[in-house]
Amino acid sequence: MKKLTAISAAFAIATATAQAAPATTNQGATMESSSSLQAVAPALQQYADQRLMGEVWNRPGLSPRDRSVVTLAALIARNQTAEMQQHVSLALDNGVKPGEISEIITHLAFYGGWGNAVDAANITQQVFQARGISAAQLPQAGDKLLPLNEEVEAARATQVAANFGAVSPGVVQYTGEVLFRDLWLRPGLAPRDRSLVTVSALIANGQVAQITYHLNRAMDNGLTQAQASEMLTQLAFYSGWPSVFSAMPVIKEVFEKRPGNQS
Amino acid sequence: MKKLTAISAAFAIATATAQAAPATTNQGATMESSSSLQAVAPALQQYADQRLMGEVWNRPGLSPRDRSVVTLAALIARNQTAEMQQHVSLALDNGVKPGEISEIITHLAFYGGWGNAVDAANITQQVFQARGISAAQLPQAGDKLLPLNEEVEAARATQVAANFGAVSPGVVQYTGEVLFRDLWLRPGLAPRDRSLVTVSALIANGQVAQITYHLNRAMDNGLTQAQASEMLTQLAFYSGWPSVFSAMPVIKEVFEKRPGNQS
Amino acid sequence: MKKLTAISAAFAIATATAQAAPATTNQGATMESSSSLQAVAPALQQYADQRLMGEVWNRPGLSPRDRSVVTLAALIARNQTAEMQQHVSLALDNGVKPGEISEIITHLAFYGGWGNAVDAANITQQVFQARGISAAQLPQAGDKLLPLNEEVEAARATQVAANFGAVSPGVVQYTGEVLFRDLWLRPGLAPRDRSLVTVSALIANGQVAQITYHLNRAMDNGLTQAQASEMLTQLAFYSGWPSVFSAMPVIKEVFEKRPGNQS
């Protein structure tokens with residue numbers, strides 16, 4: 001009962017603030033507050049107020065909107081539900097559209113685990129209802145897909161089939177049919193944002209082996225190195241230092257090998 | 001309250017369907033439905049209906065019963081509780097015996113983390129009570145063990161002691177006494193199924209380094225390559241694409257090195 | 001409702017026992033009991049009573065107090081909340097101070113993920129309230145820090161900046177400012193205990209790449225090899241065998257390369 005009440009209270013604060021004023025990161029200080037944090041770990045509450053909400057969310061290099069995308073991806077990928085309701089609200093305040101949150105959840109069903117997406121949908125539904133966000137504002141299942149770069153996709157498919165066609169034809173088939181020829185082409189979330197979500201989820205879950213491909217894809221899709229760098233700062237706080245330090249050697253290598261890199 | 005109600009509703013649907021008819025995968029379409037998924041992520045709901053329940057669960061190569069074993073293992077290993085009650089029900093509908101579910105939970109306490117098993121037991125108890133499954137149908141603590149292949153176990157123990165006897169005598173001791181001379185020999189779950197559960201949990205949790213030993217053991221215990229291949233298709237949907245792509249290089253190597261492999 | 005009731009019941013047992021007598025590991029047998037475990041997985045209940053609580057918690061090499069530190073770290077790092085309330089109570093019974101639990105939660109916000117710390121704070125707050133533990137007993141945000149070994153920190157900072165300064169200046173900055181020049185110096189938890197918490201979290205979360213640095217740091221901070229060895233036995237049960245077996249090759253190498261190692 002205590003926990004449900006705490007969440008409800010936090011949610012009440014979040015929605016109240018959201019209605020009162022345009023989103024600013026000063027609201028953030030409120031977002032990460034909770035009575036239990038203050039009661040049990042006052043030092044952590046101060047880190048939250050002064051460092052995380054007071055500094056990190058305001059850093060240049062990555063917009064508050066993108067920081068919300070990264071944070072939601074990390075929370076959903078690791079199924080960290082404690083603050084998810086607050087962060088769905090903050091994401092909306094920071095300019096992430098309801099339809100984009102819908103697509104982030106759908107995307108992470110495939111890149112973070114189906115059950116995580118269901119938890120995220122349950123929590124998001126409450127935020128949407130409280131804000132009067134209706135189904136009409138959300139992308140539909142049959143939306144017209146973005147155009148496919150057939151050449152790039154053919155190259156990807158050929159390589160995966162060569163590597164794993166004999167290991168799991170089913171995985172190879174659905175990777176093409178469902179992921180790269182369908183999910184990634186859904187228009188409700190830009191390819192660059194899908195990539196940002198994917199890389200954030202890989203780092204949060206320690207799936208280091210998949211980072212090289214997806215970070216390159218992210219940068220092909222328009223993510224800058226400065227943004228990727230700040231994505232790491234954001235993730236250090238939300239998915240933990242070890243996940244970021246395990247990823248940094250691979251990310252360093254991607255940065256260094258990108259065409260046009262001067263060093 | 002919302003979440004509890006949603007789970008109860010899903011459970012009501014699941015049990016109602018289960019009583020009405022023998023298990024078919026058409027029920028599956030109902031299983032993965034939820035009001036929040038439809039409200040928040042209609043595209044994901046369509047993937048669930050058309051692809052996951054409409055296709056994947058019906059693919060040849062792995063029976064619905066085995067797909068339920070793989071799915072439960074993945075959910076318990078990652079502590080994805082949102083759909084666990086539905087999937088315990090579906091597993092029973094698909095022919096997994098109550099005693100086998102009990103043993104899967106016990107097995108995963110050791111291979112996925114003790115706390116995960118406790119969560120799974122809490123959820124499973126509700127399904128068992130609703131279906132009138134009594135303690136008498138479950139394996140007991142003192143059940144007579146399956147015979148041990150002393151030669152194989154001696155080889156395993158010798159190698160582990162040589163590698164890690166100086167690192168952690170306690171781990172080495174309990175690996176023999178509790179796992180391989182007790183848990184793995186409990187008669188309520190066939191060794192082949194214990195292996196299927198173990199490998200699924202390793203992939204779901206990204207424990208790639210342990211896959212080679214346990215996939216070989218699984219295939220020694222009777223898991224076919226075609227079944228292992230379809231296990232990967234099932235896991236791609238339930239534990240996420242990255243976990244499967246991180247595992248596939250190791251699995252490919254196991255397949256290629258198995259005695260009798262033609263290639 | 002069922003789950004909340006089960007947790008409340010377990011908590012009632014735990015607090016009742018705690019008031020009745022000084023902490024002994026015989027209480028442990030009660031701690032790991034739950035009606036659902038007995039009802040669904042009686043074999044697991046027997047492993048809990050006879051092996052985990054009856055033997056492991058009593059093994060020499062690591063005190064019950066340190067075993068509680070390791071166990072809490074593993075549960076929080078993996079967000080395994082099912083038994084967390086019981087284990088916070090057991091930790092207090094085993095001599096972990098309230099202020100140390102507060103600092104463990106704060107530490108793991110950075111080493112296990114912020115959302116995990118929030119869940120842990122919510123649960124711990126209930127235990128603290130039930131036991132009348134007040135905020136005055138907890139470390140404050142502005143506590144005077146322990147002295148810093150400037151030479152060691154300068155060497156660490158130089159190496160991290162050389163490796164990753166171009167990858168993520170933000171991560172490099174906060175690693176120094178917030179972690180090693182602040183968090184690690186907070187006086188409410190001894191450096192050796194922070195290291196024990198950190199290494200336990202890394203193993204529990206499969207962050208193998210970070211173990212070498214932090215296990216060496218732990219042993220520099222006073223953790224003995226015998227204690228590290230028994231930490232592994234404890235973690236095998238609480239975070240699962242695969243996490244420990246993935247870590248053991250790295251831990252073996254650290255042990256062998258430590259100055260003064262005879263072998």
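The values are calculated or read from the model by the stated rules, or taken from the named source; none is laboratory data. Just so you know, these numbers come straight off a predicted model, no measurement behind them. Using ideal geometry, Cβ is built from the backbone for each residue, glycine included, and neighbour counts are taken over all protein chains shown. All accessible areas refer to the heavy atoms of the entire protein, side chains included, with ligands and DNA or RNA removed. Shrake-Rupley method; radii C 1.70, N 1.55, O 1.52, S 1.80 Å.
Largest mean-square fluctuation among B:Ser239, B:Ser35, B:Ser200, in a Gaussian network model of chain B whose springs join Cα atoms under 10 Å apart, belongs to B:Ser35. Each label was represented as a point 7 Å from its Cα along the Cα-to-Cβ direction; for B:Thr158 and C:Ala130 these points are 5.1 nm apart.
The residues packed around B:Val171, meaning those with a beta-carbon under 14 Å from its beta-carbon, carry a net charge of +1 if Lys and Arg are +1 and Asp and Glu are -1.
Other protein chain C-beta atoms within 10 Å of residue C-beta, averaged over B:223-231: 2.
Working value for the stretch C:113-263: equivalent-ellipsoid semi-axes of 26, 23, 16 Å, each the square root of 5 times a Cα gyration tensor eigenvalue, largest first. Judged by the mean number of other Cβ atoms found within 10 Å, the most tightly packed of the peptides A:130-139, B:168-177 leads the ranking B:168-177, A:130-139.
The interface between chain A and chain C buries about 4200 Å² of solvent-accessible area in total (1.4 Å probe, ligands and nucleic acids excluded). Each semi-axis of the equivalent ellipsoid for the stretch B:178-233 is √(5λ) with λ an eigenvalue of the Cα gyration tensor; in descending order they amount to 18, 14, 9 Å.
Quantify how much of the Cα-Cα distance distribution of the stretch B:36-133 extends past 21 Å, in percent. Looking at the stretch B:36-133, the distances longer than 21 Å represent 36 percent of pairs. Label the stretch C:167-209 by shape, choosing from rounded, prolate and oblate, from the square roots a ≥ b ≥ c of the eigenvalues of the Cα gyration tensor; if a/c is under 1.5 it is rounded, and otherwise prolate applies when a/b is larger than b/c, oblate when it is not. Oblate.
Dipole of the protein assembly as shown computed with +1 at Lys/Arg Cβ and -1 at Asp/Glu Cβ about the Cα centre; of C:Gly99, A:Leu44, B:Ile123, farthest Cα towards the positive end is B:Ile123. Across the copies of the chain, A:Asp182 has label points (7 Å from Cα along Cα→Cβ) spaced 4.7, 4.7 nm apart, shortest distance listed first.
Legend: mean number of C-beta atoms from other chains within 10 angstrom of residue C-beta atoms, peptide B:159-167, equals 4.
Taking Cα atoms, how many degrees apart are the long axis of helix B:114-131 and the longest axis of chain B, rounded to 10 and kept between 0 and 90? The angle comes out at about 50 degrees. In vacuum, with every alpha carbon of chain A counted as one equal point scatterer, what does the Debye formula give for log10 I(q)/I(0) at q = 0.11, 0.12 Å⁻¹? Two decimals, please. Log10 of I(q)/I(0), two decimals: -0.63, -0.74. Inter-copy label distances for A:Leu146: 4.9, 4.9 nm (label point placed 7 Å from Cα along Cα→Cβ; shortest first). The angle between the Cα long axis of helix C:84-93 and the longest principal axis of the Cα atoms of chain C comes to about 80 degrees, rounded to the nearest 10. What net charge is computed for the residues neighbouring C:Ala155, neighbours being all others with C-beta under 15 Å from the C-beta of C:Ala155, Lys and Arg scored +1, Asp and Glu -1? Value of the local net charge: -1.
Neighbouring Cβ atoms from other chains, within 10 Å of the Cβ of residues in B:101-108, number 4 on average.
In units of the compact-protein estimate 2.2 N^0.38 Å, the protein assembly as shown shows a Cα radius of gyration of 0.89. Under the convention that each Lys and Arg Cβ holds +1 and each Asp and Glu Cβ holds -1, the size of the dipole of chain B around its Cα centre is about 240 debye. Comparing mean-square fluctuations of B:Leu148, B:Leu108, B:Leu75 from a GNM of chain B with C-alpha springs under 10 Å, the top value falls on B:Leu148. Copy B relates to copy C by a rotation, and the B residue whose beta-carbon is nearest that axis, with the distance in whole angstrom, is B:Gly206, 3.
Electrostatic tally near C:Ser89: other residues with Cβ closer than 11 Å to its Cβ, Lys and Arg +1, Asp and Glu -1, net -1.
Annotation for C:Gly95, label-to-label distances across the other copies: 5.6, 5.6 nm (shortest first, one decimal, point 7 Å from Cα along Cα→Cβ). Counting only Cβ charges, +1 for Lys and Arg and -1 for Asp and Glu, the dipole size of the protein assembly as shown around its Cα centre is about 360 debye. Using just its DSSP H runs of length 4 or more, each adding -39500 (n - 2.57), chain A gives a mean residue ellipticity at 222 nm of -20000 deg cm²/dmol after division by all residues.
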